[in-house]
Amino acid sequence: MTVPAIELSDVRKNFGATEIIRGVDLGIARGERHAIIGPNGAGKTTLFNLISGRFPISSGSITVNGKSTAGLAPQEINRLGLSRSFQITSIFPRMTVFENIRCGLLWSRGYRYSFWHLLGGQKALNAEADRLLDRLNLGDRRNVQAGLLSYAEQRALEIGITIAGGADIILLDEPTAGMSHSETDAAVELIRGVSEGKTLIMVEHDMSVVFGLADRITVLVYGEVIASDTPAAIRGNAAVQEAYLGTIAA
Amino acid sequence: MEVFVVSLLNGLVYGMLLFMLASGLTLIFSMMGVLNFAHASVYMLGAYFAYTISLYVGFWPALILAPLLCGLIGAAIEMWGLRRVHRHGHVAELLLTFGLALIIEKVVQMTWGLLPVPYRIPELLDFPLFRVYGTQFPAYRAFMLLISALMFGAIWLGLRRTRVGLVIQAALTHPEMASALGHNVPRIFTLVFAAGTALAGLAGVIGGNYQVTEPAMAFTMGPIVFVVVVFGGLGSLTGCFIASIFMGLIQTFAVVFDVSLADLLAQFGIAVTASTPFAEVLNVTLPRIGALLPFLLMVLILVFRPRGLMGTRDT
Amino acid sequence: MTLLRRNWPWLVALAVLLAFPFLFYDWTRGRHSGFALTLMSEIGVMAIFALSYNMLLGQAGLLSFGHAVLFGLGAYCAAHTVNLVKAGTIWLPTELVPLAGGLGGLFFGFVLGWLVTKQRATAFAMITLGLGELVSAAALMFMGFFGGEGGITIDRVMDTSLLGVRYTSPWQVYCLVLGWAFVAAVLMRLQMQTPLGRMANATRDNFERAQFVGYDPRRVRWMQFTLAGFFAGVGGGLYVMIYEIVTFDTVSAVKSANALLAVYIGGAGAFFGPVLGTIVVVLLQSGVSLLSNAWLLYVGVLFIVMVMYAPVGLAGLIGMHAPLWRTGRLRELLLPYLRALPPALMLFLGFVLLVELTSFTTIGAAQGKRFAIGGQTIDTTSPLPWAIAVAALGVGAFWLRREAHAFRLRWDALMEDAKRQAGAP
């Protein structure tokens, strides 16, 4: 049996007296496109923050590619092959779009903290950044300051920075939030393309995106997993309907 | 014992003076995120205003008027300066107050001259209050303690019992929430800044004749007050209070104990001679590094407890 | 060859700076002006210092109030090195003395950087301020390394020069400073384009995001701080070569503040901004301080004006004209600028007059100086000059406000056009 991409066992997190994540067990297989849904305040983003090391967990354990993330800093978890995006756009606003993408590439291409390589001369690296820009449809915005991009462009850039490093596990936090219909469609195509052959986990509110993309869906309600199954099964799950989908449909 | 009691009292006086400055700085910083570099400069202005006013109408009116003037200056700085650069971020705000500190120092030099001015304690309080083992304790120092205690009480009541005080308290711990409360935040900012600078002015009025009123007084006081605020922990008035008293005591006691690391080592039978490595450092006596201790402590606490003594949030 | 074609402005700048002292050359006596050369050397040293400061402020977003610690400690290291070379203990070419300073700065940057980069934002500013106070107090206290109040003196004339130069004249020293300043500036410019330099930008823009692309932002800042320490130390080493003495002034808060002022006035966003700012600050410091007691006041006011009205600095202001330059419409701004000039001048003169009047009534009087303009002594106690100063200030300010508004409108219109033109092709 292969090692799952991510495995959570009895993960708990409390802020003060409030328990936000209440014993989550979840295994996500390699190559799976997995969506986490749930009502507001269910702890979806918190779960992402725990997996990516932004917050430490209170108890339980998380493994990424078979390795425990206990005590690891975010950058160390990133180096295990996990990369994430943020719900609130998190880019490098004063650098150009190209620089943003290249920053995402640097570590995985072995540049580390080098102060002796001149980036202008790194042809392979720059070509790769440009290829990715074209895939993101940001090619013609290459030299624009990232902070000046439109919202949808910034969201695309956010995904770009996330996948640039070539991580095989990608966490996307509401990648289509705040987008128009056409922008959402473009984003879904982009996500489908870039997650080819990788493990994708995303938090998403837009059900058409969720059911269009995901192989499996986990429903999180008040810090607990109430169902984790295929889209079809989730659609038919009575508990889910009651807890979540029902309220949406109504 | 004698030395101990006297130092304790003096340390308390100095600590309370520090607290008067530091509390205003903490309030301003916690509320607005601005580290007011000009805070000690306003302290200096308070002393100079008090000196000039007391030449004409005496010390007692100056005790009221000088802080008010300082408060007005503070309000002006906030309304015409800080509010303007606010959109450029906290660094710009900090730099603005840094520039103001430079200017105020120069303006003070140009107005009152380069030499210290003879700002004296009022005759009414110029007598020894009591003696401790033969050492006099001046009445003026007791008066300083009284004023700072009264002021502390007033702040405490103001924060607990008034509407504005409650908003300020809320903003201390949850700065992003303040505007969500629907209060007129700019006006509260101006108020807090004015109150903070008025406090600094008051500290100047009672500290100027306790120490020396000279153009360099802001520069010597400023860094210490920052140390107190950082040491106590940003956003915590209690931490600020403890840190003030602590720093006051440390600095007074350091002057008294004439010991060095070499003496300490000698206790363990290690003799320090000229050839010992770092002999110079080991032979430095405590009084000589008294002024250094606060900075040393700040560096240490920031390394080991980044939020300071009782800080509630990251800087 | 492409290297030459792309980087010709650097070489032109080098040539101009090499030729510049000859403007002050005394041809009748056949020697350089010592004052001009020392001033230019000072600018060179301070420019390195300011550029290294900008590696922190501009590149990494770190506001330090103690950068002079690295400069000064580098200077002390260089001074001790020179003395060791003269004593015959070690051998080092004269030309490489600044490198000794640099290595000193690198070492202290590494050690102190470990401490200070634990903190961010305001706490970083505070801890650097504290370290600055600590080191400058220590400099006065310890004789062995710092020489106490007297500092460490050296004699820069050594026999170990690689070029056979003995550095006895200010001209030779200037050439040494220029050479090192050029090399240091090139290296710092190149450092911006390395992975570390770019990640320093990234941690400035978004500290947390840098973690999620695999970097430890603290480590990035630590390394950046260390490198900045190296270049500050090079500046310190050159400082020793110019003045042949290093005292606690070099580590003091005033020195640190100078770097901050220079960088901010010049503009932290552009590479040459700090150099521009250094020129302004040093000229004000050396030039105006001869004429006026109040140079620091002028620098302070200039600084505040920049913070309030032009946070992009002088370089940024110049850079804002670039779109108009490209579309060839820059000269349409000539008239608005000319119109704003008289009120600005009036405001400026009124302000200067007021400051000088005040300064001469108090400090000047205490020093027995008199206020004179063009040989005409001005009585600072009579109301007339004061009235003139205040009137000029008031009218100038009012007039400038009106002109500034008109200027703003014209500027916006031109920029709008430029943007449309840029978008059109």
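Read-outs throughout are calculated quantities, based only on the coordinates presented, and are distinct from any laboratory measurement. Note that the structure is a prediction, hence the values are computed from the model and not measured. Here the Cβ is made from the backbone with ideal geometry for all residues, glycine too, and neighbour counts use every protein chain on show.
Give the percent of DSSP beta bridges with both residues in the protein assembly as shown that are antiparallel, rounded to the nearest 5. Let's see the in-between values first.
Working: 31 of 47 bridges.
Taking every DSSP beta bridge within the protein assembly as shown, about 65 percent pair in antiparallel fashion.
For region C:321-423, the Kirkwood estimate of hydrodynamic radius, built from reciprocal distances between every pair of different alpha carbons, is 16.2 Å. Taking a ≥ b ≥ c as the square roots of the Cα gyration tensor eigenvalues, with a/c under 1.5 meaning rounded and otherwise prolate when a/b beats b/c, else oblate, which class fits region B:1-123? Taking the square roots of the gyration eigenvalues as a ≥ b ≥ c, region B:1-123 is oblate.
Counting only residues at least eight positions apart within a chain, or on another chain, the lysines with an alpha carbon under 19 Å from that of C:K255 are B:K106.
Computed from phi, the 3J(HN,Hα) profile of region C:192-203 under the Karplus parametrisation 6.51, -1.76, 1.60 (θ = phi - 60°) reads 4, 9, 8, x, 4, x, 5, 5, 4, 4, 5, 5 Hz, with x in place of Gly and Pro. Taking every residue in C:254-267 and counting other chain Cβ atoms within 10 Å of its Cβ, the average works out to 1.
Rounded if a/c is under 1.5, else prolate if a/b is larger than b/c, else oblate: which is region C:1-156, with a ≥ b ≥ c the root eigenvalues of its Cα gyration tensor?
Working: a/c = 1.97, a/b = 1.29, b/c = 1.53.
Oblate, because a/c is 1.5 or more while a/b does not exceed b/c.
Going by a ≥ b ≥ c, the root eigenvalues of the Cα gyration tensor, does chain C fall in the rounded group (a/c under 1.5), the prolate group (a/b larger than b/c) or the oblate group? It would help to have the intermediate numbers written out before the result.
Working: a/c = 1.57, a/b = 1.21, b/c = 1.30.
Judged from the Cα gyration tensor, chain C comes out oblate (a/c at least 1.5, b/c at or above a/b).
Give the range of the longest stretch in chain B that excludes all trypsin sites (Lys or Arg not before Pro) found in loop regions by DSSP and having at most 15 other beta-carbon atoms within 10 Å.
Numbers: sites that count: B:R120, B:R313.
In short, B:121-312.
As a rough guide to protection, the peptides A:37-46, B:218-227 ranked by mean Cβ packing within 10 Å, highest first, stand as B:218-227, A:37-46.
Helices assigned as whole DSSP H runs in chain B whose Cα atoms extend at least 20 Å along their own long axis and whose mean Kyte-Doolittle hydropathy is 0.0 or higher are found at B:2-32, B:39-57, B:59-76, B:90-112, B:139-161, B:185-208, B:217-232, B:237-256. Helix A:123-135 and the longest principal axis of the Cα set of chain A meet at an angle near 50°.
Per-residue mean of foreign Cβ neighbours for A:109-121 is 5 (Cβ atoms of other chains, 10 Å radius). Spin-label model, B:L282 to A:S61: label points 7 Å out along the Cα-to-beta-carbon direction sit 5.0 nm apart. Once the Cβ-Cβ distance of B:A149 and B:F4 is raised to the sixth power relative to R0 = 22 Å, the FRET efficiency obtained is 0.50. For the peptides C:104-112, B:254-262, residues were scored by their other Cβ atoms within 10 Å and the scores averaged per peptide; the highest-first order is C:104-112, B:254-262. Share of pairwise Cα-Cα distances greater than 24 Å in chain B is 56 percent (whole percent).
Average 1/r across all pairs of distinct alpha carbons in the protein assembly as shown, invert it, and you get the Kirkwood radius: 31.8 Å. The residues packed around C:S52, meaning those with a beta-carbon under 13 Å from its beta-carbon, carry a net charge of +2 if Lys and Arg are +1 and Asp and Glu are -1. The GNM of chain C, with springs linking C-alpha atoms under 10 angstrom apart, assigns the highest mean-square fluctuation among C:A78, C:A47, C:A344 to C:A344. The B:T52 and B:F257 beta-carbon pair, evaluated with R₀ = 45 Å, returns a calculated FRET efficiency of approximately 0.70. Take the Cβ atoms of B:R87 and A:S208, set R0 to 45 Å, and the FRET efficiency comes out at 0.70.
Ignore the peptide's own chain and count Cβ atoms of other chains within 10 Å of each Cβ in C:115-124; give me the average, rounded. If you can, show how the numbers build up before the last one.
Numbers: counts 4, 3, 0, 4, 6, 3, 7, 13, 11, 2.
Averaged over the peptide's residues, the number is 5.
Spin-label model, B:R161/B:I64: points 7 Å from Cα along the beta carbon direction are separated by 2.0 nm. Build a GNM of chain C with springs between Cα atoms under 10 Å: which of C:T381, C:T278, C:T122 gets the top mean-square fluctuation? For chain C, modelled as a Gaussian network with Cα springs under 10 Å, the answer is C:T381. The modelled label-to-label distance between A:E76 and A:A238, using points 7 Å beyond Cα along the C-beta direction, is 4.7 nm.
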